[in-house]
Amino acid sequence: MLHRIITGLLVLLLIWTGCPAKAETQPLTAAELEAMAANIREMANRGILRNDPSLPEAESEDGYAFQYDFGVIYADSTAWSEETEIHAVQIMDSEVAGPRGLAVDLDVNQVMAAVPCGNKEMNGTYEAAVLYLIGDAASGFSYGRAERNGQRITAIEYGVWDPGKGKRMALTLGISGDGVASMRLEGLAETFDAKSAEELYAELEALTHQFAYARVPRSLNGADLEMFNEGDLDFPSLSFRTAVPEIFGDNVEDLLMDNEDGTWLRRIDGDGFEAVFTSNSRGGEASLVSYTIMSPELEGPRCVRLGDLFHEDYTRFRSGEGSMDADGQKEVLYGVEGAAPYGIAEYGNGTEMTLRYVTPTLGGPDVEMILKYEDTVLTEIILHTLEEDE
């Protein structure tokens, strides 16, 4: 079972590990994008049209749609000829190659190897990061920009502003998981004025100064990664070490529970989380002992998030230093189980898997993070303290 999982990690589930260091790689050029458009025109000339562009449903804000097996061309006319201007192209066929072999079904590593990236850490905002920005609004510029939902890249846009032609052409790669799901080429015919170019450049330039959010390091070589540690307990939605009930505000359910042994628990149920504290009989002197994330909008340590795939989280934490049990159901990723720090992977029957990481804390109890997966999808995130006898 483990062999199949690791093989999947290495072959089928290639991950994005950051921008390759290839200084000689140049940004995409206007000539390359125009050559792609010319190739698409030739494919249309040879291809079979699958719709009637003159029908009302073929009209859109991009132009009149010409549907082919390889994708959709949006043009300025319902009649196809050499004079027909192409406004945009949407490609869904993996057999259609763009510049430098960019194509549907490539993984993000291959994309990043083909086009430069000067922002290896992917510093930016939760929604976006600039990969490169070369030139200026007056003389022309090239750029690469990643759109993302936290750690999940949703699109990569490569664009060129050519003031001489008054065009801003762009190739946008739609990303699903770690692979290219579609390619969109636009800006081939419509003009893009200098003011719009200045605004776009200003937007991109401002994004280069954003450091509010960054990519979490990932590697297929577990030895390159750090163990789960006390620093990981401070994460976007919470500081596990210092949290008190008052930080959650008033819009929560606050329940004080008597354990009937002289101890008390205080449970806070909020929007997408549950926090449990030990406390006194009045709810004071509270100390966090358990935090459960139940919303895909909240990120945990190293930005793990409900909906992640197993390999995405496995490759954020140290691994490869331990051994597998005789049944192939449990792997020690590092350390020795029961003596923090350590990491454990439990594979079960392959549809239900668990990652467990334990870290010691300075002057406090060990803390364990449990990540539970169903059909390789993360469905549960729990952090809790461990008693000395656990």
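Against the longest alpha carbon principal axis of the chain, how many degrees, from 0 to 90 and to the nearest 10, is the axis of helix 30-46 turned?
Long axis of 30-46 versus the principal axis of the chain: about 70 degrees.
Could you work out the relative contact order of the range 274-334, using alpha carbon pairs under 8 angstrom and six or more residues apart, expressed as a whole percent?
Answer for the range 274-334 is 19 percent.
Based on Cβ point charges of +1 for Lys and Arg and -1 for Asp and Glu, what charge dipole magnitude is obtained for the chain about its Cα centre, in debye rounded to the nearest 20?
Approximately 1200 debye in magnitude.
R241 label point, 7 Å along Cα→Cβ, cut-off 20 Å on backbone N: hits in the range 294-331?
Once the point is set 7 Å along Cα→Cβ of R241, 299-304, 317-318 turn out to lie under 20 Å by backbone N, inside the range 294-331.
Going Cα to Cα from K330, which lysines come in below 17 Å? Please leave out same-chain ones fewer than 8 positions away.
Here the lysines satisfying the reach criterion relative to K330 are K372.
Contact order normalised by length for the chain, with contacts defined as Cα pairs under 8 Å and 6 or more residues apart; what percent is it?
After rounding, I find 12 percent.
So which aspartates and glutamates can K167 reach, going by Cα to Cα under 15 Å and dropping same-chain residues fewer than 8 places off?
By straight Cα distance, K167 reaches E32, E34, E85, D136, E186, E190, D193, E198, E199.
Report, to the nearest 10°, how far helix 194-207 tilts away from the longest principal axis of the Cα atoms in the chain, using its own Cα long axis and a range of 0 to 90°.
That works out to roughly 20 degrees.
Give me the distance between the Cα centres of the range 109-152 and the range 302-381, rounded to whole Å.
Rounded to whole Å, the Cα centres lie 32 Å apart.
Read-outs: derived from the displayed coordinates by stated rules, not from any lab. Fair warning: this is a prediction, and the values are worked out from it, not measured in the lab. Every residue, glycine among them, receives a Cβ derived from its backbone with ideal geometry; neighbour counts consider all protein chains shown.
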